[in-house]
Amino acid sequence: MRLTVDGKQMEIDADPEMPLLWALRDLAGILGPKFGCGIAACGACTVLIDGSPVRSCVLPVGGVEGDVVTIEGLSRDGALSAVQQAWLDEQVAQCGYCQAGQIMSATALLDEIDNPTDEDIDNAMAGNLCRCGTYPKIRAAIKRAAALKLARA
Amino acid sequence: MRRAILLTIAATLFAAAALAQEVAPVAPETVPQAETTLVDPTVGLAEWQTIHDVFAHPRCANCHVDDDHPRWSGAHYGETRFHAFNVQRGADGSGFGNPGMRCMTCHFESNSNVLHGPPGAPSWHLAPVEMAWFGKSSAEICAQIKDPERNGGRTLSEVAEHVRDDALVAWGWAPGPGRNPAPGSAEETFAAIERWSAAGAPCPID
């Protein structure tokens, strides 16, 4: 089957029931999205499809309709996205395992809400777990990213 | 718009029929959808019980909530609880979740085949808040189902068709591994609603 991932078209030879995450990591070699729970309960595998966040560990690859963007496709011409830059500026990551999924959900949030409140952030991010407890820094980074996006616009 | 037009036509036809028979008008929520003479109310109430067993089943009621939080329930949950991850109806009231975490972030076209994986059906979302009946009594749900203001603007025939034909409703009878399905089937529930309607659509009294 043909997928568009991070702006590139690719041919994937996979059982349609294979989770998208498996196809990305094992067949396409895109290792940014992480396997955490395998049941959409942690958010580490989050990618965007046509801008909407999905948990790729449970989405059958045969059911993918639209352009897939992973953490590896967020930067443009070597420039980090506003969310990625804010993550660095706030030094969010500790172990870092969940952060790709966190950044993808935050990206989806900021695509819909320019200046999210704490409640908006909690509503968007509660499905992305962080065992290191970086939640206060995640919140700060999302607010920084919102300001950075506005400054870049 | 089409539904509104159909309802208007239906209301007009009903009003004309009522006038022809010199029947005093009655409140919309008590208007029977079919001939009501010479019917045994116990038959209709038995049909309602079958329908109620479906509507009040957790596979249906857990997403017909009025407080914006879908519910989780099942033997391994203990008591019924809020859906994890702060999942909500959505600030826009749509029932599809909030920006950054929509229902369809996890719930796709079909069930995950992994135990505790997310169930799936087309257009996964909460029922509109006016159609909430989680925690209500049988009498309350029965009155609600007959009230177009609180049943999605449907006649009883349209309620029956919704139950028979809607893909998300159908999920209640095929909820995936580890979940108890609603009793009966979509077709059986459709038929029960039709029979209940034909029997005058009686409601129990609390």
Positions within the range A:1-40 being among the hydrophobic types (A, V, I, L, M, F, W, C), touching a Ser or Thr at 6+ places or on another chain (Cβ under 8 Å) and under 23 Å from A:GLN99 (Cβ atoms), in sequence order: A:VAL5, A:LEU20, A:LEU21, A:LEU24, A:ILE30, A:ILE39, A:ALA40
Odd one out for B:ALA167, checked against (1) surrounded by fewer than 15 Cβ atoms within 10 Å (Cβ to Cβ); (2) more than 14 Å from chain A (Cβ to nearest Cβ); (3) more than 30 Å from B:SER197 (Cα to Cα): (3)
Test: residue in the range B:184-206 that is under 30 Å from A:ALA41 (Cβ atoms) and either small (Gly, Ala, Ser) or at pLDDT 95 or above (or both): yes
Which numbered condition B:GLU79 misses (of (1) assigned to a loop (DSSP other than H, G, I, E, B); (2) within 11 Å of chain A (Cβ to nearest Cβ); (3) over 19 Å from the mean Cα position of the chain (by Cα)): (2)
All positions within the range B:82-104 that are outside any loop (DSSP other than H, G, I, E, B) and within 8 Å of chain A (Cβ to nearest Cβ): B:ASN98, B:MET101, B:ARG102, B:MET104
When residues of the range B:108-162 are limited to those that are within 14 Å of another protein chain (Cβ to nearest Cβ) and touching a His at 6+ places or on another chain (Cβ under 7 Å), the one surrounded by the most Cβ atoms within 10 Å (Cβ to Cβ): B:TRP124
One residue from A:ALA124, A:ALA108, A:ALA140 being within 12 Å of chain B (Cβ to nearest Cβ), without any contact (Cβ under 8 Å) to a residue 60 or more places away in the chain and among the small types (Gly, Ala, Ser): A:ALA124
Considering residues of the range A:28-42 that are surrounded by fewer than 23 Cβ atoms within 10 Å (Cβ to Cβ) and either among the polar types (S, T, N, Q) or in contact with a helix residue (DSSP H, G or I) (Cβ under 9 Å, 6 or more places away or on another chain) (or both) only, the residue farthest from the other protein chains (Cβ to nearest Cβ): A:LEU31
Index of the failed condition, A:CYS130 passing every other in (1) away from every other protein chain (no Cβ under 12 Å); (2) within 21 Å of B:THR105 (Cα to Cα); (3) touching a residue at least 40 places away in the same chain (Cβ under 8 Å); (4) not charged (D, E, K, R): (3)
Which numbered condition A:CYS45 misses (of (1) away from chain B (no Cβ under 11 Å); (2) under 22 Å from B:MET104 (Cα atoms); (3) in contact with a Lys or Arg (Cβ under 6 Å, 6 or more places away or on another chain); (4) not β-branched (Val, Ile, Thr)): (1)
Residue within the range B:49-69 that is assigned to a loop (DSSP other than H, G, I, E, B) and within 14 Å of chain A (Cβ to nearest Cβ) present: yes
Looking only at the range B:45-86, and only at residues there that are of a type in the set (Phe, Trp, Tyr) and without any contact (Cβ under 8 Å) to a residue 60 or more places away in the chain, the one that is surrounded by the fewest Cβ atoms within 10 Å (Cβ to Cβ): B:TYR77
Some residue of the range B:105-122 being more than 24 Å from B:ASP165 (Cα to Cα), in a loop (DSSP other than H, G, I, E, B), under 21 Å from the mean Cα position of the chain (by Cα) and charged (D, E, K, R): no
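The values are calculated or read from the model by the stated rules, or taken from the named source; none is laboratory data. It should be emphasised that the depicted structure is a prediction, and the values quoted were computed from it without experimental measurement. Please note: Cβ atoms are built from the backbone with ideal geometry, for glycine as well, and neighbour counts cover all protein chains shown.
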